[in-house]
Amino acid sequence: MVGINVREKDGYVIISWHFSKVEIHKTDIIEVIDDDTYGGEEKTAVRMGYPYATTERLFIRTNNQNYILFTNNTSIKGKIESMMNT
């Protein structure tokens with residue numbers, strides 16, 4: 001099983017999972033928070049990852065589109081937040 005990959009390139013945070021790839025400009029990201037709900041409250045959010053009960057759920061609010069990441073990697077939130085601050 002391949003997890004969610006997060007990297008930075010040319011002012012964008014790039015989130016990829018399997019064959020999906022999302023590019024979010026760093027200045028468009030408003031906040032990255034933990035989502036304590038099972039499937040996410042935001043109905044229109046783009047979901048990436050496997051929504052198993054034991055995963056971390058991150059909610060990324062942006063100016064254009066919101067995202068929910070389902071992952072077992074606890075370092076993704078800190079990684080995205082550090083990208084936002086550079």
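Please treat every number below as a calculation from the coordinates, not as lab data. Computed from a predicted model, the values in this text were never measured in an experiment. Ideal geometry is used to build each Cβ from the backbone, glycine not excepted, and the neighbour counts take in all protein chains shown.
Considering only residues that are surrounded by 11 or more Cβ atoms within 10 Å (Cβ to Cβ), more than 17 Å from ILE14 (Cα to Cα) and without any contact (Cβ under 8 Å) to a residue 60 or more places away in the chain, look in region 42-73 and name the one that is nearest to the chain's Cα centre (by Cα).
Ranking the qualifying residues of region 42-73, first place goes to ARG57.
For region 4-41, what are the residues that are closer than 14 Å to LYS77 by Cβ, within 12 Å of the chain's Cα centre (by Cα) and either acidic (Asp, Glu) or surrounded by 15 or more Cβ atoms within 10 Å (Cβ to Cβ) (or both)?
Looking only at region 4-41, we keep the residues that are closer than 14 Å to LYS77 by Cβ, and these are 4, 6, 13, 15, 29, 31-36.
Going one step further and asking which of them are within 12 Å of the chain's Cα centre (by Cα), we end up with 4, 6, 13, 15, 29, 31-35.
Within region 4-41, ILE4, VAL6, VAL13, ILE15, ILE29, GLU31, VAL32, ASP34, ASP35 meet the criteria.
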